[in-house]
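Below you'll find the structure, written out as structure tokens, and then a few comments.
The values are calculated or read from the model by the stated rules, or taken from the named source; none is laboratory data. Predicted model, so just to flag it, every value in this text is computed and none were measured. Every residue, glycine as well, gets a Cβ built from its backbone with ideal geometry; the counts of neighbours run over all protein chains shown. Accessible surface is based on the protein model in full, side chains and every heavy atom, while ligands, DNA and RNA are left aside. Shrake-Rupley method; radii C 1.70, N 1.55, O 1.52, S 1.80 Å.
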Amino acid sequence: MLLGQAATRLLRRIRFPSQITSPARTTRNVFPFSLSEEMKFSHQYGSGGYTWRMSQRNPCLWILLCGHAGILLGINANPVFAKEMPTQSSSENDIEGAGLTGLRKVEDGSIISNIHTSKWRVFTDNGRDLYSQGKLDEAERYFFSALQEAKEGFGEGDPHVASACNNLAELYRVKKEFVKAEPLYLEAIKILEESFGSEDIRVGAAFRNLGQFYLMQRKLDEAHVCYEHALKIQGRVLGHDHADYSDTMYHLGTVLYLQGKEKDSEALIQNSIRILEEGGQGESSICLKRLRYLSQVYLKSNHPAEAENVQRKILHIMELSKGWNSLDTIVAAEGLALTLQSVGNLKEARELLERCLDARKTLLSEDHIQIGANMLHIARVAMLNSNQLRKLGISGASEELEKAKDLLDNSIRIARRVLDKLSKQKGNLRSNGAPGETRKDARVALIILLQSLNALGLLQITKQEDSQDSQEHLPVAEAENALFQCISAYKEFETVKSISDSPEVKAEHLSCLKHLSSLMRNSSTNGTRTFRGATLQNLEDEIKYVESEISPYRKRKS
């Protein structure tokens, strides 16, 4: 199917409403929230009485790609509105917001000016102001009124109406009222196609935003068609080395990855990065984000060597630009260290993690959860190193386990202290009114606590296997105790659904259950042994229950 036909089919999926149920017509009007850190040079595209300004960083004219959608690998979304602005001096435009893109009115008498167009401008400005204050319901009324006034003042098929449709659609997207948003996006595209032709750059920008809208909802086939159509137009008009072409290519790559087309996805993402690098933006925050995403794609596709190369590039850029007195550099180094650990390069992994720990101690408080997590990572490397030394018959395996135990003890202590502190804060964790950041911090601390206790249990099992003395039962008891503490820690927060319902938390709980079950099974001759009142059957029943809870999440990820 030709892309143009596919796009037309999308537009025919719904009937365009000539009128939307009107909220109260109070007053006021929109256009782009500036992504100023991404906005750089701009280009002008003219047609008739209209001038459209395209940012070299963000092409989206009257509508912008609103950041990455809230998808796998940490992508987020921010609303961007359209705003009609009269032609002003460049200094005035800079004051209003460097990098704002949108429909600009040419004051040469070629555009209708009447009471409706004046109201449209006021409603759009008011709606934008209210949106920035988080007053979405009030902003909606103004954006709706702006749409009505645009239709009255400019005519139903005027591009100003397209921008007003986009503004209201963006608001509905933020409110997750997707059914209301979609017809508005499509109506905007229909108007632009009829005004400028189906291959116009403004239409390409509109399709890219519609692709973003579908991507947020995991409507991957629709997003794929929209991004491909936008890419085709941008390549023809802007050229294949333009930053905006690179942006659309990157987002199409994310769609392909989610569709399971890993090789095609990697190729597009790599090319989008190459375009930025050749354009002198290889060290920009946008390029770094794409490199991080690419490394995640490689890791999830089981290509650790490729991921390692990308992560080394990221760390090199961060070291040059920010140095080690930056948490961004530390996080980049930690990511590389964990990849090195996964491929068995324990020596370099440990060196990097220890350097991260030293740097964190100079930037964070001694009981910060990041320090606890860093200690956990080093302990795991020490345990792996102990296993290697044992297999090779080299001395030092026991010493490595003792170092790991000390690190795990400290990680456990820090995680418990963080959880205790958060629980005592105003807006208790068990309250529905607990701040989002507090709940997030508690989830992270609980995951680190469960992981550290689980690792401690495995460490004690390893010590039992190595034990040659008459007190072989002591490591077993300590292993059981650590794993039981892991399970108890989860139970302590089980009623706090905002924390315990996290799939990551449940996965750590499940791991502890399985390790304790295995340990009890191996140390029991008849299968009826109990530990602290729990039987093997109790544990196996709990394992099945937790697996059933995690299963839907795993299916969604696959």
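For this structure, a couple of remarks:
- Qualifying residue in the range 464-471 (condition: hydroxyl-bearing (S, T, Y), modelled with pLDDT of 85 or more and out of contact with any strand residue (DSSP E or B) (no Cβ under 6 Å at 6 or more places or on another chain)): no
- Looking only at residues of the range 192-229 that are under 20 Å from L171 (Cβ atoms) and open to solvent by 10 Å² or more (accessible area, probe 1.4 Å), we find that the one that is farthest from the chain's Cα centre (by Cα) is K219.
- Every pair of residues 6+ apart whose Cβ atoms lie under 6 Å, when the first sits in the range 390-419 and is on the phi > 0 side of the Ramachandran plot while the second is modelled with pLDDT of 90 or more and part of a helix (DSSP H, G or I): G396/L389
- Residue within the range 136-151 that is open to solvent by 30 Å² or more (accessible area, probe 1.4 Å) and within 27 Å of L215 (Cβ to Cβ) present: yes
- The range 357-371 - residue that is open to solvent by less than 40 Å² (accessible area, probe 1.4 Å) and of a type in the set (D, E, K, R) and, of those, nearest to the chain's Cα centre (by Cα): R360
- Search result, residues across the range 339-356 that are free of Cβ contacts under 8 Å to residues at least 40 places away in the same chain and buried (at least 19 other Cβ atoms within 10 Å of the Cβ): L340, A349, R350, L352, L353, C356
- Residues of the range 259-296 classified as part of a helix (DSSP H, G or I), over 26 Å from K219 (Cβ atoms), open to solvent by 30 Å² or more (accessible area, probe 1.4 Å) and in contact (Cβ under 8 Å) with a residue 12 or more places away in the chain, total: 2
- In the range 478-497, the residues that are of a type in the set (G, A, S) and open to solvent by 20 Å² or more (accessible area, probe 1.4 Å): S488
- Filter result (out of contact with any helix residue (DSSP H, G or I) (no Cβ under 8 Å at 6 or more places or on another chain) and either among the acidic types (D, E) or touching a residue at least 60 places away in the same chain (Cβ under 8 Å) (or both)) within the range 157-184: E177, P183
- Inclusion of K232 among residues that are of a type outside the set (S, T, N, Q), open to solvent by 10 Å² or more (accessible area, probe 1.4 Å) and without any contact (Cβ under 8 Å) to a residue 24 or more places away in the chain is not warranted.
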